[in-house]
Amino acid sequence: MRSSVEKWHLTAQWRGTRARAARAPHCELLWRTDAMNVRLVILAFLVVDIPTANAVDDLSALLKNAAVTITERRVIRPEDEKYFPCKDFVKTSWEARAFLLNSKAITPHQQHYDFDVYHCEVSGRVNTKVGPLEFIIRMGGTGSVKYPDGKEVLLGCRGNCCKALPNIC
């Protein structure tokens with residue numbers, strides 16, 4: 001026969017096991033959620049390449065003595081063509097070069113929330129020492145440059161950039 005102390009110990013042990021079993025799914029779910037959040041944050045840092053001033057400085061250095069060529073003009077919404085004809089948007093390679101030199105690197109968040117997107121788009125190519133760069137310039141002051149290694153930098157034109165190129169902003 002067991003003493004009352006042994007019975008109390010076994011009962012407490014059983015209750016503790018039952019309490020742990022009841023808490024375990026909740027604790028395990030919290031741990032899994034925290035682990036998932038940590039993995040998502042790490043993944044975000046690995047996938048999202050946050051642009052820096054160096055990217056634009058590198059672009060300025062690459063554009064020195066490089067040939068800029070406009071390869072295509074696109075009208076995204078033809079119904080808006082009557083308000084501003086796309087033929088007046090970035091007409092020359094000089095204007096494309098001016099945009100690429102005067103714009104700043106921006107994040108996808110800034111591109112979405114701080115800039116308007118209109119119906120005109122120009123794409124082209126810059127032949128540099130490191131290889132051809134492909135660029136897109138959109139009416140509203142945004143654009144992007146894609147490097148030969150696949151890296152893409154988003155660009156935004158504000159302030160002095162818009163003063164230099166009034167038809168872009």
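Values quoted throughout were computed directly from the atomic coordinates according to the rules given, and no laboratory measurement underlies them. Every value quoted in this text rests on a predicted model; they were computed, and no experiment measured them. Cβ: placed from backbone, ideal geometry, glycine included. Neighbour counts: every protein chain shown.
Quick check on my link table: of K82/K104; K104/K163; K87/K129, which ones sit more than 23 Å apart, alpha carbon to alpha carbon? Walk me through the numbers on the way to the answer.
Values: K82/K104 30 Å; K104/K163 14 Å; K87/K129 31 Å.
Table pairs above 23 Å Cα-Cα are K82/K104; K87/K129.
From the phi of every residue in the stretch 147-162, what ³J(HN,Hα) in whole Hz does the Karplus formula 6.51 cos²θ - 1.76 cosθ + 1.60 yield, where θ is phi - 60° and glycine or proline is x?
7, x, 7, x, 5, 10, 10, 7, 10, x, 10, 9, x, 4, 4, 5
Along its three principal axes, how long is the stretch 75-169 when you only count alpha carbons? Whole Å, largest extent first please.
Largest first, the stretch 75-169 extends 40, 27, 24 Å along its Cα principal axes.
So for each of 60-69, 119-128, 136-145, 154-163 I average, over its residues, the number of other beta carbons within 10 Å; can you give me the resulting order with the highest mean first? Display every interim value, and only then the final one.
Working: 60-69: 13.8, 119-128: 19.4, 136-145: 22.8, 154-163: 17.3.
The most tightly packed comes first, giving 136-145, 119-128, 154-163, 60-69.
For an R0 of 22 angstrom, estimate the FRET efficiency from the Cβ-Cβ distance between R77 and C162 and round to the nearest 0.05.
On the way: r = 22 Å, r/R0 = 0.98.
Once rounded, the FRET efficiency stands at 0.50.
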